[in-house]
């Protein structure tokens, strides 16, 4: 078993980013990497984990109206100096519906622009799609559900995919997710 450790921190609005973070952790743990997952929105800032004990850090955010959540941004801002010293492997990911129709645009709009704004050194970044949960157990409020159902309907027409407007819809590029984990772990193992 590897002695390498990875921290996965994220901010999620409706649970999609949390599910992606858990999937990333499972893929890493299957390769013998110890992981810790933290929802930054549920933990007070003063209790956020220190990055010193980790070899790699993944930071994820959901995207709503073209914006990152404030907690992952604050986490990056508070650790920029350490990341820019290149002492840790840093990866970013976002959960965005627009990634389903155009991964390149989603990466440019939600990752590359954010990296530039934060002036932070990032080793790897990507987006894998989204999970639309319209089921009764969904965390979506009525208004948000209506908006996201409209977005999902347009994506379905554009991409020729089926969407269950009353159920859970996982629209993730699993191959991208797996490749991302492999590349990230190669960086961590070689650090």
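The values are calculated or read from the model by the stated rules, or taken from the named source; none is laboratory data. Not measured: the values here are computed from a predicted model. Here Cβ is always computed from backbone atoms with ideal geometry, including for glycine, and neighbour counts include all displayed protein chains.
The figures follow:
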{"item": "Single match in 99, 25, 18 (criterion: under 23 Å from residue 185 (Cβ atoms) and in contact with a helix residue (DSSP H, G or I) (Cβ under 7 Å, 6 or more places away or on another chain))", "result": "99"}
{"item": "Test: residue in segment 43-64 that is under 17 Å from residue 94 (Cβ atoms) and surrounded by fewer than 18 Cβ atoms within 10 Å (Cβ to Cβ)", "result": "yes"}
{"item": "Some residue of segment 8-16 being modelled with pLDDT under 95 and in a helix (DSSP H, G or I)", "result": "yes"}
{"item": "Wholly within segment 78-191, helices (runs of 4 or more DSSP H) carrying at least 3 residues that are on the phi < 0 side of the Ramachandran plot, in contact (Cβ under 8 Å) with a residue 40 or more places away in the chain and crowded, with 18+ Cβ neighbours inside 10 Å", "result": "142-159, 174-189"}
{"item": "Residues of segment 38-57 classified as in contact with a helix residue (DSSP H, G or I) (Cβ under 6 Å, 6 or more places away or on another chain) and more than 17 Å from residue 76 (Cβ to Cβ), total", "result": "1"}
{"item": "Filter result for the condition that a residue is touching a helix residue (DSSP H, G or I) at 6+ places or on another chain (Cβ under 6 Å) and within 24 Å of residue 22 (Cα to Cα), over 172, 148, 90, 118", "result": "90"}
{"item": "Residue list for segment 1-42, restricted to those being farther than 17 Å from residue 95 by Cα and without any contact (Cβ under 8 Å) to a residue 60 or more places away in the chain", "result": "1, 3, 5, 7, 26, 29, 30, 32, 34, 35, 36, 42"}
{"item": "Flag if residue 37 is at pLDDT 95 or above, over 20 Å from residue 133 (Cα atoms), surrounded by fewer than 18 Cβ atoms within 10 Å (Cβ to Cβ) and in contact with a strand residue (DSSP E or B) (Cβ under 7 Å, 6 or more places away or on another chain)", "result": "yes"}
